[in-house]
Amino acid sequence: MDRTKIALVTGAGSGIGQACALALLHAGYAVVLAGRRPEALERTVSLAPKDSACLAVPTDVRDESSVEALFRALRERFGRLDLLFNNAGAGAPQIPVEDLSLAQWSDVISVNLTGAFLCARAAFRLMKEQRPQGGRIINNGSISAHTPRPMSAPYTASKHAIAGLTKSLSLDGRAHDIACGQIDIGNAASAMTAHMSQGALQPDGSWREEPTMDVRHVADAVVHMASLPLSSNVQFLTLMATKMPFIGRG
């Protein structure tokens with residue numbers, strides 16, 4: 001009989017993280033839900049399929065000790081990890097780069113990049129020592145990992161860095177059956193994209209309404225990436241609202 005696979009989803013209290021956590025639960029995974037807001041994690045738990053195995057662990061991915069506590073809880077409950085979905089993310093105000101504070105820059109980098117590193121580092125340690133060895137890491141990049149929006153220096157820089165982290169993890173994990181891929185998402189309907197219906201700043205200075213897509217399509221894609229054997233890997237996947245500005249951002 002196949003054993004239950006164990007997944008960890010960061011930023012699982014809302015939006016993409018919540019949708020992916022629930023989709024993984026429906027697919028038969030046991031899922032550890034991590035996020036800064038305990039009440040948001042509990043809402044996700046309340047939506048979980050009956051009799052599914054999930055564990056909510058309030059976590060600040062920016063904080064090394066918090067991530068260590070998360071992985072201790074995961075080890076104590078499940079003993080291993082098959083999938084890490086590095087999803088937690090943050091953005092900065094859309095203002096000219098000369099007006100950005102160091103605190104605004106640092107907050108985005110610490111969540112989007114350092115948080116992903118801390119979780120990946122802990123996952124590597126566990127995946128290398130567990131038997132059977134190995135597992136999968138999926139990083140939530142962004143279309144901004146390839147093409148920026150106006151006035152988005154911290155977010156764009158962090159997501160370009162995620163692409164580099166994905167490649168490094170893929171290379172370093174190869175000998176240990178640790179596969180790492182990245183999903184780059186454009187305009188999935190969530191709290192982060194709610195403003196799109198009122199308009200988004202374009203490179204020519206205009207504001208235009210942008211189309212979005214149902215977040216369930218992202219969840220389906222993550223479940224597909226996770227379902228592959230470790231001998232196969234989706235290295236990079238771009239999933240976007242078809243008519244949103246991306247190629248040339250227009």
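The values are calculated or read from the model by the stated rules, or taken from the named source; none is laboratory data. All figures in this text were calculated on a predicted structure; none of them were measured in a lab. FYI the Cβ positions are ideal-geometry reconstructions off the backbone, even for glycines, and counts take in every protein chain you see.
How do the pairs read when you match residues in region 206-234 that are at pLDDT below 95 with residues anywhere that are among the basic types (Lys, Arg), using Cβ under 7 Å and keeping only pairs 6 or more apart or on different chains? Cβ pairs passing all conditions: Pro211/Lys243.
In summary, Ala12 fulfils each of the numbered conditions (1) surrounded by fewer than 23 Cβ atoms within 10 Å (Cβ to Cβ); (2) touching a helix residue (DSSP H, G or I) at 6+ places or on another chain (Cβ under 7 Å) with the single exception of condition (1). A residue that is touching a Phe, Trp or Tyr at 6+ places or on another chain (Cβ under 9 Å) and either crowded, with 17+ Cβ neighbours inside 10 Å or at positive phi (or both) can be found somewhere in region 71-82. Taken over region 217-244, the criterion of being in a loop (DSSP other than H, G, I, E, B) and either surrounded by fewer than 15 Cβ atoms within 10 Å (Cβ to Cβ) or in contact with an Asp or Glu (Cβ under 7 Å, 6 or more places away or on another chain) (or both) is satisfied by Leu228, Pro229, Leu230, Ser231, Ser232, Gln235, Thr242, Lys243, Met244. Only one of the numbered conditions (1) surrounded by 17 or more Cβ atoms within 10 Å (Cβ to Cβ); (2) at pLDDT 80 or above is violated by Ala200, and that is (2).
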